[in-house]
1. Of all residues in region 30-58 being among the charged types (D, E, K, R) and touching a residue at least 12 places away in the same chain (Cβ under 8 Å), which is nearest to S11 (Cα to Cα)?
2. Could you go through region 17-29 and let me know if any residue there is without any contact (Cβ under 8 Å) to a residue 12 or more places away in the chain, exposed (fewer than 13 other Cβ atoms within 10 Å of the Cβ) and within 9 Å of the chain's Cα centre (by Cα).
3. Report whether or not E8 is loosely packed, with under 13 Cβ neighbours inside 10 Å, under 14 Å from the mean Cα position of the chain (by Cα) and of a type outside the set (V, I, T).
4. Does I9 qualify as being of a type outside the set (D, E, K, R), touching a helix residue (DSSP H, G or I) at 6+ places or on another chain (Cβ under 9 Å) and in contact (Cβ under 8 Å) with a residue 40 or more places away in the chain?
5. How many residues, within region 1-38, are under 25 Å from E68 (Cα atoms) and not hydroxyl-bearing (S, T, Y)?
6. Within region 37-47, can one find any residue that is buried (at least 16 other Cβ atoms within 10 Å of the Cβ) and either touching a strand residue (DSSP E or B) at 6+ places or on another chain (Cβ under 8 Å) or at positive phi (or both)?
Amino acid sequence: MSISRTTEIKSSSALSFDDAMKKGIARARKTLKNVRGAWIENQEILLDGKGKISEYRVQMKITFILEE
């Protein structure tokens, strides 16, 4: 029997939501073992003083299997 756990993280990128997602998953895999899935719970952007997008952020939940 497997038992999984879910943790929530936020990740950001100056390039895109896709890049923010990839960076978040890569970082989670450095700390968490047996990462099995993720889903995006929220997306947001930050704007600079001129109204241009300066940062893409994703809030995601990562699921991983606990070791016995």
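Where a number appears in this text, it was derived from the coordinates with a stated rule and is not lab data. These numbers come from a predicted model, not from an experiment. Reconstructed Cβ throughout: ideal geometry from the backbone, glycine too, with neighbour counts over all protein chains shown.
1. Per the criteria, the residue is R57.
2. Yes, there is a match, as at least one residue in region 17-29 is without any contact (Cβ under 8 Å) to a residue 12 or more places away in the chain, exposed (fewer than 13 other Cβ atoms within 10 Å of the Cβ) and within 9 Å of the chain's Cα centre (by Cα).
3. Judged against the criteria, E8 is a match.
4. For I9, the condition - of a type outside the set (D, E, K, R), touching a helix residue (DSSP H, G or I) at 6+ places or on another chain (Cβ under 9 Å) and in contact (Cβ under 8 Å) with a residue 40 or more places away in the chain - is met.
5. 18
6. yes
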